[in-house]
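**Q** Okay, handing you the structure first.
The values are calculated or read from the model by the stated rules, or taken from the named source; none is laboratory data. For clarity, every value in this text was computed on a predicted model and none was experimentally measured. Backbone-built Cβ (ideal geometry, glycine too); neighbour counts: all protein chains shown. Heavy atoms of the whole protein, side chains included, go into the accessibility calculation; ligands, DNA and RNA do not. Shrake-Rupley method; radii C 1.70, N 1.55, O 1.52, S 1.80 Å.
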Amino acid sequence: METREMRDRLETDSFDQVAEKILPVRDRLLALPAGMKAQAHDIRCKAGQPVAVCGGGGVLFLKEGGGLSRHMGAGLAVLSQAQLQELFLEICGRSVFTHEEQLRQGYISVQGCRVGVCGRVVTENGRVKALRDVSSLVFRIPRDCPGCGDRLFSSGADPCRGVLIAGEPGSGKTTLLRDIARSLSGGRFAPSRRLAVLDCREELSAGFDLGPCADVLLGCTKAQGLDMAIRTLSLEVVLCDVLAPEDLPAVRRSLFAGVGVIATVHGGEKDVYSRPLCRALLDTGAFESLVVLKGRASPGQIARIEPAGSRACRGSRAG
């Protein structure tokens, strides 16, 4: 059985793996106390501004001499534009060209860590063509929380009949999805299931053991990955993170193919039924259960689980 000490070590390891990539302040980040590392969600680097560590304790600023401060002022670790540009090149492996498709979507994936990138957006014919003049980098810290999905299985819901997981940014959607995948693949609550994991941003699976029956497709769009998986992998269920409006046709195709979908979508605990995308996804019939997360303050924790097919239920929630 996993102990609290083991969980703390895992959370600290995740922070350290990300901190190793932030060379200008790496040593100061690595020297932070374990408790501060364990509560961190992301590390934000902006040109001309202090490095910020954000998490359950709020926004804390890295001090030049080590440690964190809640207040702006002198003595904080500030990155220059030159340092930020050098850091950007480092995480790109000195080859920005190889990451152009990801950059058009506003991020870079590096060894299981998703780095949000901000700068000047260049558009062509209404579409994002490139991202230039990088001004800030946001390093998300991937978390693993074995057992956080147990409540779904004990609730009596059948994950292979479709589950939509709704939560606001930072509420632990990816963490929960990862744990569900591992339980299904390893046969933790029932015989092992054959599943495909569509890891479009290369953060759901990278560096984590998802078990023997989880086949991972990296870097593809959800539509591409779903069609490939249905044709070639003889799967029972597919998992994917953060659905968007353009994914609706792919979700419908999975329903027609008899493949269960477990996916996440942005939506807060109180407004999930008022969001057009959430309603459209539920109306596809591909999801038997809806899981709503508690929010940023309790990442990975489930607020409620309910049947997804009741129009009366959705209407009462929306009202």
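**Q** Please specify each residue of the stretch 229-251 satisfying the condition of being touching a Ser or Thr at 6+ places or on another chain (Cβ under 6 Å) and of a type outside the set (Val, Ile, Thr).
**A** The answer is 241, and nothing else.
**Q** Does residue 44 satisfy being modelled with pLDDT of 95 or more, touching a Ser or Thr at 6+ places or on another chain (Cβ under 9 Å), under 17 Å from residue 113 (Cα atoms) and open to solvent by 70 Å² or more (accessible area, probe 1.4 Å)? Before you say what the answer is, go through the steps one by one.
**A** Working: modelled with pLDDT of 95 or more: yes; touching a Ser or Thr at 6+ places or on another chain (Cβ under 9 Å): yes; under 17 Å from residue 113 (Cα atoms): yes; open to solvent by 70 Å² or more (accessible area, probe 1.4 Å): yes.
Yes, satisfied.
**Q** Pull up the stretch 18-34, narrow it to residues that are in contact (Cβ under 8 Å) with a residue 24 or more places away in the chain and part of a helix (DSSP H, G or I), then point me to the one that is farthest from residue 51 (Cα to Cα). Let's see the steps before the verdict.
**A** Keep residues of the stretch 18-34 that are in contact (Cβ under 8 Å) with a residue 24 or more places away in the chain, which gives 18-19, 21-25, 28-29, 31-32, 34.
Going one step further and asking which of them are part of a helix (DSSP H, G or I), we end up with 18-19, 23-25, 28-29, 34.
Working: 18: 14, 19: 12, 23: 12, 24: 10, 25: 8, 28: 11, 29: 10, 34: 18 Å.
Restricting to residues being in contact (Cβ under 8 Å) with a residue 24 or more places away in the chain and part of a helix (DSSP H, G or I), the top hit is 34.
**Q** Let me ask you something else. Those residues that are surrounded by fewer than 23 Cβ atoms within 10 Å (Cβ to Cβ) and either modelled with pLDDT under 90 or closer than 15 Å to residue 306 by Cα (or both), I need them from the stretch 260-273; list them, please.
**A** 268, 269, 270, 271, 273
**Q** Now for a different question. Scan the stretch 209-219 for residues that are buried (at least 16 other Cβ atoms within 10 Å of the Cβ) and in a loop (DSSP other than H, G, I, E, B) and report the count.
**A** 3
**Q** Follow-up question, since we're still on this one. Being in a loop (DSSP other than H, G, I, E, B), open to solvent by 40 Å² or more (accessible area, probe 1.4 Å) and in contact (Cβ under 8 Å) with a residue 24 or more places away in the chain is the filter here, so list the residues in the stretch 276-312 that pass it.
**A** Going residue by residue through the stretch 276-312, those that are in a loop (DSSP other than H, G, I, E, B) are 284-288, 294-301, 308-310.
Among the residues that remain, those that are also open to solvent by 40 Å² or more (accessible area, probe 1.4 Å) are: 285, 288, 294, 296-297, 299, 301, 309-310.
Within the stretch 276-312, 285, 288, 294, 296, 297, 299, 301, 309 qualify.
**Q** Among 128, 163, 110, which is the only one that is open to solvent by 10 Å² or more (accessible area, probe 1.4 Å) and in contact with a strand residue (DSSP E or B) (Cβ under 8 Å, 6 or more places away or on another chain)? I'd like the intermediate steps shown before the answer.
**A** Values: 163 fails: open to solvent by 10 Å² or more (accessible area, probe 1.4 Å); 110 fails: in contact with a strand residue (DSSP E or B) (Cβ under 8 Å, 6 or more places away or on another chain).
None of the other options fit; the residue is 128.
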